[in-house]
Every structure is written in C-alpha cells, then in structure tokens.
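Asks: Encoded as structure tokens, here's the structure I'll be asking about.
The values are calculated or read from the model by the stated rules, or taken from the named source; none is laboratory data. Only a predicted model underlies this, so the values are computations on that prediction, with no experimental measurement involved. We place every Cβ from the backbone using ideal geometry, glycine too, and count neighbours over all the protein chains shown. We work out accessible area using only protein heavy atoms, side chains counted, and drop any ligands, DNA or RNA first. Shrake-Rupley method; radii C 1.70, N 1.55, O 1.52, S 1.80 Å.
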Amino acid sequence: MRRILLATVALAVLAAAPAPAQQRSVKIGFVSTFSGPTAVIGNDMRNSVELALDHLGRKMGGLPVEVIYEDDQQKPEVGVQKTQKLIESDKVNFIAGYIWSNVLLASLKPAVDSQTFLISANAGPSQIAGELCSPFYFSTSWQNDQTPEAMGEYMNQKGVKSAFLIGPNYAAGKDMLTGVRATFKGRIIGEELTKWPDQLDFSTELSKVRAAKPDAVFVFYPGAAGVQFLTQYAQAGLKGQIPLYTAFTIDSLSLPLQKDLALGVPGTQQWVNDLPNDANKKYVADFRAKHKVYPSFYGAQSYDAVNLINSAVVASGGDLNKKDAMRAEMRKANYTSVRGPYKYGNNHFPIQNFYLQDVVKDAEGNQTLKTVATIVKDSQDKFHGKCAMKW
C-alpha cells in the first residue's frame, strides 16, 4: 500500500510540473568589434546581418529573431566575457561573428562546453580547423591559410622567384604567412611579424625590404593598418619598383581611404562583390541601395552566417532543442550562399573556390573590386586531417 501511495504522489508531482517552455524566438548573439578604429568592420557585418534578416522577413522557422550585438573591443579577454554573457545571461541559441582569430580562440571553449552553436563569420584559426574542431562550430568564411595559399599559387603563375613576407604578430597573421609558404615555390628571403594591433609605422620593415631586394612582397594587414601600409609603401618609393601581393588588405571598407594606392595590387578572396549568382546580385544591390556603398567580404560572410542558421532552424521545425537535426542540416550547406554552392569538410570549414581580385572603377566612377580569375577550385584546408570528427 505504501508503494502505491508513493507512486500516486510521484505521478501527481509529475502532472503538476510545468511543461518545458515553448520556444518563442530565435536568439542569436553576435560578437564583433563595434568601437575603435576597426569598428567599421563590425558595423559592416551588422549591416549585413540586418539585411539578411530583412530578406527572411525577420523570422526563422516561423519564429521571430532577436539579435544581441556585443563589442569585443578587439580584445580576447573582452571577447570571452561577452561570449559567456550571451550564453549564461542571454541564453542565446546561436553565437556568430568574430573578426579576430585570437578573440575567437579565447571564446571557443564556453560555446563548446555549453553546446551552443558558434558560427564564425570571419576568423578561421588553424587550431579550430584541426585538433580543436567541434560539432558545435561552423565557419562561413575560410581557414586562415587558404586565402594566402591561393595567393602563393598566383605568385607562382606570375613567375615570382623571391618574396618578402610581412604581417601582424597574432594568430591570423602567422597563419597568413604560413599559407603563402605552403604553396609559393620561390625563396622566402625575409619575413617580419609586427606588433598588433598598435603598430602603424612600418618604416623599419620597409627598409629591410629595400635592402633584401625581393621580386615581390606579400602583406596581410586588415583595417587601418592596411591603409597605413599601402601609404607608406608608396612613400618609401617601393610602389612600382617591387610588386605587392596581398590578402585581406584591400576591401570595400579600406578602398575609400587607399584610393589609387590600391591600383595594381592583386588580392585573393573566396567572395567578390561581382560574383554572378542571383543571391549575390540581390545582396549587393540591396546593400548598396540601403547604405550607398559596396559590402565587404566581412559582410558577405555574416549574411551567409544568418542564412546558415536559418537553414538549421527551419530543419528543426522551430524546435531549437533538436541540435542533432540542426547540425545535420548545417553540414549540408543547404542554403543559397552569396559565394555560390560549396560543401563542408569534416571540420565544418568550407570547401570552396578562391578568386583573384583587382581594383577597378565602376560606371559611377567608384573604386570597387572585380573578379579576374579563379585561382583555386574546391580548396580544402590542410588541417582537416587533424580533426577527429567523421561524418
């Protein structure tokens, strides 16, 4: 009799317990830099996120979408704090963004430990492509080495026999120079890693370039540092004497400041604003109509991140507890990317094309970027073999 009474009480307690709260919205945390000199990048990413939501009717799987933007101040310690706040206080379903590799590396563990999907819209450190890969991490950009690897291939095509490499001394800067070294068949006769993000005077490094007399210089400097480097390269009398090759130094955000200094400086990228697919045409046209400028690759990758998340929410039927179903859908890259169709590798990094881009003037006289050629088709990062995930 006592057992029956206990069972009856237990059933009564279960019946009285509240049902799990029904999901009322999709909550996305977006971590980027919204203050200081590099805020222009974060703002471009945010503008593209908002445009993507407009194109989706600001709903995913029938649920309204709430985006909480957090400023990492370009500091790893701030980035991880903001990531933890989004997970623990805001209880977001997804986290996206992340410009800087060192900020992303610091922020990865809280997301993975809490089983919160993190979608990088820019940073692609080699560690996460390899031993730190996770079923809760996806990229809508690239692994850092891939873009400079494509440039190394182009330098080979141009017959470059010797090169001097320059970049900032942080995770992405190291990956960029490593990428060039992986594919460039000539000699590396000099290499400099500069203080990041504070150094904006490159006179010492440019003096070393002049003394080394390489056939070419490869440089990686995003944001304001890229503007300063191109300016000082010309001031040092090196422009026109030693060809300059780059990755991520020239984009739609820096071009208004670099102007003619950017002419004749080729770059490589997996997305260029003139890619001829319908999704990209609509994205670029609507972005320009709203903001009167061209979007950057940072923005394009953020636009894709929103659409990747949408594909997962739709596949789950709006039940955001179905994480296995959402992961399975994201692995298909089953959405219309502005770069065109691509696949995911086992480490959740894209397998995709890389293009040569050059600076031209559009019909209105504005400087913009144009696709010149496909340098690498279906590029897969070389770190995927270190990732333990198999699917």
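Asks: Out of segment 147-169, which residues are within 26 Å of ALA224 (Cβ to Cβ), out of contact with any strand residue (DSSP E or B) (no Cβ under 6 Å at 6 or more places or on another chain) and open to solvent by 10 Å² or more (accessible area, probe 1.4 Å)?
Replies: GLU149
Asks: Being touching a helix residue (DSSP H, G or I) at 6+ places or on another chain (Cβ under 9 Å), charged (D, E, K, R) and open to solvent by 60 Å² or more (accessible area, probe 1.4 Å), is that true of even one residue in segment 345-362?
Replies: No, the conditions are met nowhere in segment 345-362.
Asks: Show me the strands (runs of 3 or more DSSP E) found entirely inside segment 62-146 where at least 1 residues are of a type in the set (Asp, Glu) and either open to solvent by less than 50 Å² (accessible area, probe 1.4 Å) or in contact (Cβ under 8 Å) with a residue 12 or more places away in the chain (or both). Steps first, answer last, please.
Replies: Details: elements: 63-71, 94-97, 117-120, 137-139.
Of the strands (runs of 3 or more DSSP E) lying wholly inside segment 62-146, those with at least 1 residues that are of a type in the set (Asp, Glu) and either open to solvent by less than 50 Å² (accessible area, probe 1.4 Å) or in contact (Cβ under 8 Å) with a residue 12 or more places away in the chain (or both) span 63-71.
Asks: So which residues in segment 187-208 are in a strand (DSSP E or B), under 14 Å from GLY167 (Cβ atoms) and not hydrophobic (A, V, I, L, M, F, W, C), if there are any at all? Show your work before the answer.
Replies: Step one: filter segment 187-208 for residues in a strand (DSSP E or B), giving 187-194.
If we keep only those that are under 14 Å from GLY167 (Cβ atoms) as well, we get 188, 190-194.
Across segment 187-208, the qualifying residues are GLY190, GLU191, GLU192, THR194.
Asks: Which of the numbered conditions does PRO256 fail, given that it passes all the others? Conditions: (1) assigned to a helix (DSSP H, G or I); (2) of a type outside the set (D, E, K, R); (3) within 22 Å of PHE34 (Cβ to Cβ); (4) out of contact with any strand residue (DSSP E or B) (no Cβ under 9 Å at 6 or more places or on another chain).
Replies: Among (1) assigned to a helix (DSSP H, G or I); (2) of a type outside the set (D, E, K, R); (3) within 22 Å of PHE34 (Cβ to Cβ); (4) out of contact with any strand residue (DSSP E or B) (no Cβ under 9 Å at 6 or more places or on another chain), PRO256 violates only (4).
Asks: Within segment 133-170, track down each residue that is under 14 Å from the mean Cα position of the chain (by Cα), over 18 Å from ILE119 (Cβ atoms) and among the small types (Gly, Ala, Ser).
Replies: Correct list: empty.
Asks: Right, another one. Mind listing whichever residues of segment 244-263 are open to solvent by 60 Å² or more (accessible area, probe 1.4 Å) and either among the aliphatic types (A, V, I, L, M) or farther than 19 Å from MET45 by Cα (or both)?
Replies: The answer is LEU257, LYS259, ASP260, LEU263.
Asks: Okay, next question. Look at segment 298-334 and say how many of its residues are open to solvent by less than 20 Å² (accessible area, probe 1.4 Å) and on the phi > 0 side of the Ramachandran plot.
Replies: Here the count works out to 2.
Asks: If I filter segment 51-61 down to residues being on the phi > 0 side of the Ramachandran plot and out of contact with any helix residue (DSSP H, G or I) (no Cβ under 6 Å at 6 or more places or on another chain), which single residue comes out as least open to solvent (accessible area, probe 1.4 Å)?
Replies: Per the stated criteria, the residue is GLY57.
Asks: Could you list, in sequence order, the residues of segment 209-238 that are part of a helix (DSSP H, G or I) and among the aromatic types (Phe, Trp, Tyr)?
Replies: If the condition is that a residue be part of a helix (DSSP H, G or I) and among the aromatic types (Phe, Trp, Tyr), then PHE229, TYR233 are the ones that fit.
Asks: Then there is this: Does GLY152 qualify as being under 20 Å from GLN269 (Cα atoms) and part of a helix (DSSP H, G or I)?
Replies: In short, yes.
Asks: So, of the residues in segment 6-44 that are in a loop (DSSP other than H, G, I, E, B), of a type outside the set (Val, Ile, Thr) and at pLDDT 95 or above, which turns out to be surrounded by the fewest Cβ atoms within 10 Å (Cβ to Cβ)?
Replies: Pass one, segment 6-44, residues in a loop (DSSP other than H, G, I, E, B): 17-25, 33-38.
With the extra rule that they be of a type outside the set (Val, Ile, Thr), the set shrinks to 17-25, 34-37.
Now restrict to residues that are at pLDDT 95 or above: 25, 34-35.
Details: SER25: 13, PHE34: 20, SER35: 11.
Out of the qualifying residues, it is SER35.
Asks: Would you be able to tell me the number of residues in segment 204-228 that are within 17 Å of ILE242 (Cβ to Cβ), in contact with a helix residue (DSSP H, G or I) (Cβ under 7 Å, 6 or more places away or on another chain) and either at pLDDT below 95 or open to solvent by 40 Å² or more (accessible area, probe 1.4 Å) (or both)? Don't jump to the end; show me each part of the working.
Replies: Taking segment 204-228 as the starting set, the residues that turn out to be within 17 Å of ILE242 (Cβ to Cβ) are 204-221.
Subsequent filtering for residues that are in contact with a helix residue (DSSP H, G or I) (Cβ under 7 Å, 6 or more places away or on another chain) retains 206, 216-221.
Then keep just the ones that are either at pLDDT below 95 or open to solvent by 40 Å² or more (accessible area, probe 1.4 Å) (or both); that gives none.
Counting residues in segment 204-228 that are within 17 Å of ILE242 (Cβ to Cβ), in contact with a helix residue (DSSP H, G or I) (Cβ under 7 Å, 6 or more places away or on another chain) and either at pLDDT below 95 or open to solvent by 40 Å² or more (accessible area, probe 1.4 Å) (or both) gives 0.
Asks: Pairs needed: first member in segment 282-296, more than 15 Å from THR368 (Cβ to Cβ); second member anywhere, buried (at least 21 other Cβ atoms within 10 Å of the Cβ) and not polar (S, T, N, Q); C-beta distance under 7 Å; at least 6 residues apart or different chains.
Replies: Pairs found: ASP286/LEU51; LYS290/LEU51.
Asks: For ALA247, are the conditions met, namely being at pLDDT below 95 and under 24 Å from LEU105 (Cβ atoms)?
Replies: no
Asks: Now for a different question. Take segment 239-253 and flag every residue that is in contact (Cβ under 8 Å) with a residue 40 or more places away in the chain and not in a loop (DSSP other than H, G, I, E, B).
Replies: TYR245, THR246
Asks: Let me ask something additional. Filter segment 65-88 down to residues that are out of contact with any strand residue (DSSP E or B) (no Cβ under 9 Å at 6 or more places or on another chain) and among the basic types (Lys, Arg), then give me how many there are.
Replies: Counting residues in segment 65-88 that are out of contact with any strand residue (DSSP E or B) (no Cβ under 9 Å at 6 or more places or on another chain) and among the basic types (Lys, Arg) gives 1.
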